[in-house]
Structures are given as structure tokens and as C-alpha cells.
Amino acid sequence: MVKWNRKDLLGLEGLSPAEIKLVLDTAESFKEISTRQIKKVPALRGRTIATLFFEPSTRTRASFELAAKRLSADTVSISSSTSSVVKGETLKDTARNIEAMKIDIIIIRHKCAGAAEMLARAVSSGVINAGDGSHEHPTQGLLDLFTIREKKKKIKGLKVAIIGDILHSRVARSNIWGLKKLGAEIVICGPATLMPPEIEKMGVRVVYDLRKAVKQADVINVLRIQKERQDAGFFPSLREYSREFGINKEVLKDAGKDLLIMHPGPINRGVEISPDVADGQYSVILDQVTNGLAVRMAVLYLLLGETKVKL
Amino acid sequence: MKLKQKARIMNKAAVQRTITRIAHEILEKNKNTKDLCIIGIRKGGAVIARRLAGRMEEISRKPIPLGILDITLYRDDLTAIAEQPIVHKTEINFDITAKTVILVDDVLFTGRTIRCALDELIDFGRPSSIQLAILIDRGHRELPIRADYVGKNVPTAGSETIEVRLEESEGIDEVLVMEQEK
């Protein structure tokens, strides 16, 4: 049985397939807790977890906070707009001050790739990357893997299509690393302007025709069009994007009944995904949110459950 | 620490006989099976609980709900042990409120496992009573806990351990006293 010996969770790139499976197996047991009448266990009683979010978030932050609370840990949440960051304090100083308050884990979201890693080096607390720029979003990747495994009973050999803004998507990167490690076949598709150069080196097939990309796919992971990053004009209009790369009933007319449609949220309804597909028979979007909680509980437990207390 | 076998205190027939006796004792004490349920503590206790429930159903010809409790997340020594244990699922698919819960484990030692199990059970509901059934009581209690049904009392030295091997997991039914190799 593989052991978890890491202080931090920074990305899926550095994890071994066995470590990824350990998180998924642990999450399976944690999922049951959310079905209980009292959705709380004392595993992390007395531990403190800080969420340090420098970018907006609903799902990830709430999911982490709830995960910590269900394990009986205390949480403190700090956002850039209300913290001393606005007074010019550096990330490192903010983190060191949080650590001086004897916090066990810092969960960070930052617009810069590598911010979580820098923090992990600077502090002795555990650090969880909740999204760093366009780099990685490991817990989203893990919850996507968990959802696929739960629904399909396997990951190896599945054909997964990742559609949309690959260039800016940390979710896409974490998904690619995770899925590749567990043996899935990946096709990515999106406008050429939103395709990172040399992405094939990650072991994926690039297709620019949406219908070809989704043909015979077992899973379609639809990415959000990041409107906040579109000022540079990567495509002419949202309408045109929707026509070329939007997932709708017409695109899915030949889909098998076991197809899974995933989306990390928040959804731009009618842009990257039509409302009838987002709420339709193939959609597992809300299952992803439910599973996210179990996966984050598992990650917190694995990072904190081991004897790391200095008594 | 290497262990060697000191004595074999139960074989297959003895384990079966003991479970049958405990089944009779539970039915005799509780009279009515309507509100009875059995919950085994993973992992040895779960196997014994399954057998006990089966035996009780055979005797009483009434179904007895069976659940499995994983106490990992309720352990009070999580920070003191070398590696975090693997978490398994708790599977209790019925409401334990107002029920008489027969909590089952293979070995009763310090009593800390039972304390964790009681904490977890109470989180699931409010049973009318909880009774404890144990295959082996080896003594050395650190908490004021005692079993209502005991398969065998085995006074042991602190350096000895009890190994309960069951067919479902180890392929053989036997109970061994193990001691440290000198």
C-alpha cells in the first residue's frame, strides 16, 4: 500500500499514479460521511486551516471550508481585498504571519503560476494549491478523475475530450496530467489561438474540429470560456465561439448513452455549453461538486492525518 | 518487533461454537428481535458480526439488520501513530435510533477502540441501548468499558498479543497468543 509522505499538494504533475489512486480511494470513504445525519467526524479536531484566496471563487473555497469543517478542523479565510495585501504586504510575509498563528495548512489561490510552490518553500505548514494562474488546479483534477472513475468504474483506456480554452485553463492541465497517469486517451479541442504551443508534448492529440474531437468520446470535459481573460481577442465573438466549439444537442446527436459531460464551473450557459446539455441526461456537473467535497476531505486528511504535529 | 506463536487457544470448531453461544445469549437477554441490530467494528469485528447475525437469524428465523463501522476518523491517537490509517467506509444502512445495538469486535484490549465506536454510533442516532459482544477479552483496560458477551477471557501479559484469524480474511479460523521473540 502506498503511503502519503507529502507536506503539500501543488499539482498532479508531480504525483505518482499510486498516490493519485490513494487520494481517490480515500475520497470514496469520505463520500459516505456527507450522507450521514451528522456530517462531521473528529479526525482533524484541533487543526487549523487557512484559505488564502487572491482570486474570486465560490465552489473551491466553500468546498475546502466545508471539507475542513466536516473533519472538525477550524478554518480562517483570508481574501486579498480584505487583507494587508492591499497595503503592500508580500505573499511570503502574509503567509509567514499566518503560519506564526500556528496554522497547519494554507490553501492558496493566486493568479500567478508557481505561487503555491513558492509559498510551500517559504512555510513549514502544508500548502494546497487551489489554482495558480494557468498552471494547475490539482483538487479539481482529482475530483474530475474521481467522478469519471465513479461513473465508468475505470479510467484506463477511456477516451476523454477536453474542449475549450486550453491555453488559460489550469483545470485542463491538471486533468491532462492525472488522466495520462491513469491511462486515459486524451483529445483536446478549441480555437487555435487558445491552444498552447507544443501541447502535444503532454501526450495529447490536438483536433480543431469539434465533431471529430467528441466522436467516440466516453467523457467530454467542457472548459469555461474565461471572459475575464479574453481582452486580447482570442476569437472574434462569443457567438462565433459558441457556434464552432459550443457543446449542444446537435453536436451530441451520435453520442452513446454512457457519455459523461463534465464542466468545472461556473458555466457560461449558451456559450461553451447549451442549457439543455448542462442540465441533460449526460451531465455530471453537480456530481462533480459533490465529489469535490469528498476529494478535498481526503486531501486534508492525507496531508494532516500523518504525524506532523510538533509536540 | 518479531512475534512468535505461544499458544493456539481456539480452532475452527471453538470459534463456531463460541459465536453460536453468544448468539443464544443475545437472543435470551433481549427476548424481542424486532429492535435488535448488529454492528461490527471493521475489520475483525465486522466478520464476526456477519456470522453472529447469520447465526441469530437461523435461530430466531427473523432478519437482523447488520452494519459495519469504520472508526478510523474517530481515533484519538491519529496524531501519535506513525502513519495515517487507510479510511474505509462505514456502512450502516438503517436508522439506529431507538434500536438495541449489539456492537461487535474481535478483541477487547484497552477499550479505546470501543470508545471511538460509541462516539461514532451516537453520531448516527440515539440507540435505546448499546451492548458489547467480544470474541476475546484480553484485559489491560485503560477506560471503564466492559463487554456484555464474552467469547473467551484470555489474561495476557503486556508483551503478548492476540491474533484472531478468520476464514473470510486469512483463510483459517483460529485464535493465537503471540509473544515477542527473544
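Can you list the trypsin sites (Lys or Arg not before Pro) in the stretch B:1-61 that are in a DSSP coil and have 12 or fewer other beta carbons within 10 angstrom? When the trypsin sites (Lys or Arg not before Pro) of the stretch B:1-61 are filtered for loop state and at most 12 Cβ neighbours within 10 Å, B:Lys2, B:Lys31, B:Lys34, B:Arg61 remain.
Rule-of-thumb check for the protein assembly as shown: C-alpha Rg over 2.2 N^0.38 Å?
Details: Rg = 26.6 Å, N = 493, 2.2 N^0.38 = 23.2 Å.
Here the answer is 1.14, to two decimals.
Packing order of peptides B:152-160, B:173-181, A:139-147, highest average first: A:139-147, B:173-181, B:152-160 (average count of other Cβ atoms within 10 Å over each peptide's residues).
Compute the Cα gyration tensor for chain B, then decide on rounded, prolate or oblate, letting a ≥ b ≥ c be the square roots of its eigenvalues: rounded whenever a/c is under 1.5, prolate when a/b is larger than b/c in the other cases, and oblate in all that remain. The shape class here is oblate. In summary, the aspartates and glutamates within cross-link reach of B:Lys34, defined as a Cα separation below 19 angstrom excluding same-chain residues under 8 places away, comprise B:Glu25, B:Glu57, B:Glu58, B:Asp95.
Highest GNM mean-square fluctuation, chain B, Cα pairs closer than 10 Å: which of B:Val107, B:Val87, B:Val164? In this elastic network of chain B, the residue with the biggest mean-square fluctuation among B:Val107, B:Val87, B:Val164 is B:Val87.
Residue exposure proxy: A:Thr290, A:Thr75, A:Thr60, A:Thr90, ordered by other Cβ atoms within 10 angstrom of their Cβ from fewest to most, comes out as A:Thr90, A:Thr290, A:Thr75, A:Thr60.
Based on alpha-carbon atoms only, what is the radius of gyration of the stretch B:130-177 relative to the globular estimate 2.2 N^0.38 Å?
Details: Rg = 12.1 Å, N = 48, 2.2 N^0.38 = 9.6 Å.
This ratio for the stretch B:130-177 stands at 1.26.
Placing a label point 7 Å from the Cα of A:Asn97 along the Cα-to-Cβ direction, the residues of the stretch A:39-66 whose backbone N falls under 19 Å of that point are A:49-55.
The Cα atoms of the stretch B:63-154 cover 38, 30, 20 Å along the three principal axes, with the biggest extent listed first. The GluC sites (Glu not before Pro) found in the stretch B:88-152 that occupy coil by DSSP, while having at most 10 further C-beta atoms within 10 Å, are B:Glu142. Under 1.5 on a/c is rounded, so check that first for the stretch A:1-149, then, if it is not, pick prolate when a/b is larger than b/c and oblate when it is not; a ≥ b ≥ c are the square roots of the alpha carbon gyration tensor eigenvalues. Verdict is prolate for the stretch A:1-149. For A:Lys227, the lysines whose Cα falls under 16 Å of its own Cα, not counting residues fewer than eight places away in the same chain, are A:Lys111.
By counting other Cβ atoms within 10 Å of each Cβ, how are B:Asp70, A:Asp258 ranked from fewest to most?
Working: B:Asp70 21, A:Asp258 10.
Ascending Cβ contact count within 10 Å gives the list A:Asp258, B:Asp70.
Taking a straight Cα-Cα cut-off under 18 Å and skipping sequence neighbours fewer than 8 places away in the same chain, the lysines within cross-link reach of B:Lys6 are B:Lys152, B:Lys182. What is the sum of charges, Lys and Arg at +1 and Asp and Glu at -1, for the other residues whose Cβ falls under 10 Å from the Cβ of B:Asp70? It works out to a net charge of 0. Please list log₁₀ I(q)/I(0) at q = 0.16, 0.28 Å⁻¹ for the stretch A:89-157, using the Debye equation with identical point scatterers on the alpha-carbon positions. Rounded to two decimals, the profile gives -0.61, -1.16.
Taken together, the values in this text are just the output of simple stated rules run on the coordinates, not laboratory data. Everything numeric in this text was worked out from a predicted model, so none of it was measured. Virtual Cβ from ideal backbone geometry, glycine too; neighbours counted across all protein chains shown.
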